[in-house]
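The values are calculated or read from the model by the stated rules, or taken from the named source; none is laboratory data. Since the structure is predicted, the reported quantities are computational estimates derived from the model, not experimental observations. Because the Cβ atoms are built from the backbone with ideal geometry, glycine has one as well, and the counts that use them run over all protein chains shown.
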Amino acid sequence: MRRKVIAGNWKMNMLPNEAMACIEELAKLVKDTNHEVILCVPYTDLFYSLLTAQGTNIKIGAQNMHYEESGAYTGEVSANMLKCIGVEYVIIGHSERRQYFAETDETVNKKIKTALKHELKPIVCVGETLPQKEAGKAVEVITTQTRLALEGLEKEQVKKVIIAYEPIWAIGTGKTATAEDANNSIREIRNEVAKNFSEEIAREVIIQYGGSVKAQNSKELFTMSDIDGGLVGGASLNAEEFGKIVNYDK
Ligand code: PGA
């Protein structure tokens with residue numbers, strides 16, 4: 001049985017005092033869950049968040065990192081820098097980074113390899129745009145992104161990767177993919193993993209859905225056969241709402 005992994009993506013929101021207050025409140029709400037709960041916070045909140053989350057079942061992740069180990073990359077943060085303060089997860093290739101910060105399938109692949117080398121668990125985002133969906137190209141886009149993201153990984157490494165299927169037209173728009181459509185897309189991604197690695201790995205790999213997940217739709221989405229939880233943006237900024245999403249089965 002695959003576990004459910006529910007991750008918040010705060011994007012460029014939350015000052016340290018807000019982060020700490022939110023984590024304290026959330027910790028009380030999710031203390032009895034069996035699901036994995038992660039908050040991916042801005043760099044400046046990482047240290048405060050790690051301290052506040054100590055002794056709770058909330059794990060802390062970053063939202064990006066560089067693929068190089070160190071060097072002359074002004075403004076960048078390395079995998080080792082994240083790992084050494086206790087960060088466990090890192091989002092790689094979010095569509096906003098692909099769209100605004102020149103992230104490519106190639107840099108996504110390099111970042112995944114560096115993250116795994118430092119025992120950070122990558123949450124890798126794939127997803128189609130609205131024009132791609134309307135042109136009937138969604139499956140081709142998401143399977144290609146998946147193949148290129150995982151290219152050159154050892155089978156054992158693939159098991160440590162979390163994939164987030166995030167249709168770009170559903171992010172921050174209030175439009176959610178129907179549970180059936182999200183499940184079908186995720187099944188296509190799983191088949192791609194089977195094709196490139198093995199059936200066994202495809203059965204094990206965690207694949208989340210992301211894009212306007214809220215308390216109201218989390219149960220319908222997360223109880224689908226292939227959806228292993230979610231990557232939640234806007235709704236993760238509010239502890240009460242995010243707590244309800246995590247507790248969708250309570
Ligand atoms: P949203 O964002 O939940 O606000 O749509 C999801 C994401 O971008 O990860």
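How about the range 114-146: which of its residues are of a type in the set (D, E, K, R), outside any helix (DSSP H, G or I) and buried (at least 18 other Cβ atoms within 10 Å of the Cβ)? It would help to see each step written out before you state the result.
Taking the range 114-146 as the starting set, the residues that turn out to be of a type in the set (D, E, K, R) are 117, 119, 121, 128, 133-134, 137, 140.
Among the residues that remain, those that are also outside any helix (DSSP H, G or I) are: 119, 121, 128, 137.
Hits for the range 114-146 are 121, 128.
The number of residues in the range 36-63 being in contact with a helix residue (DSSP H, G or I) (Cβ under 6 Å, 6 or more places away or on another chain), in a loop (DSSP other than H, G, I, E, B) and surrounded by fewer than 21 Cβ atoms within 10 Å (Cβ to Cβ) comes to 1.
A count restricted to the range 158-212 and to residues that are among the polar types (S, T, N, Q) and within 12 Å of the ligand (Cβ to nearest atom) stands at 4. Taken over the range 219-238, the residue count meeting the criterion of being in contact with an Asp or Glu (Cβ under 8 Å, 6 or more places away or on another chain), in a helix (DSSP H, G or I) and closer than 14 Å to residue 165 by Cα is 1. Filtering 225, 218 for residues that are within 15 Å of the ligand (Cβ to nearest atom), of a type outside the set (A, V, I, L, M), at pLDDT 95 or above and farther than 22 Å from residue 21 by Cβ leaves a single hit, 218. Can you list residue pairs whose Cβ atoms sit under 9 Å apart, with the first residue in the range 154-178 being in contact (Cβ under 8 Å) with a residue 24 or more places away in the chain and more than 17 Å from residue 10 (Cα to Cα) and the second being of a type in the set (Phe, Trp, Tyr) and within 16 Å of the ligand (Cβ to nearest atom)? Count only pairs 6 or more apart in sequence or on different chains. Going by the 9 Å Cβ cut-off, the qualifying pairs are 162/89; 165/209; 167/209; 175/169; 176/209; 177/165; 177/169; 177/209. Of the residues 211, 172, only one is of a type outside the set (Lys, Arg), under 17 Å from the mean Cα position of the chain (by Cα) and crowded, with 20+ Cβ neighbours inside 10 Å; which? Exactly one residue qualifies, and that residue is 211.
The residue pairs whose first member lies in the range 124-146 and is touching a residue at least 12 places away in the same chain (Cβ under 8 Å) and within 29 Å of residue 89 (Cα to Cα), whose second member is surrounded by fewer than 23 Cβ atoms within 10 Å (Cβ to Cβ) and acidic (Asp, Glu), and whose beta carbons are closer than 7 Å, counting only pairs six or more residues apart or on different chains, are 139/188; 142/188; 143/188; 143/192; 145/105; 146/192.
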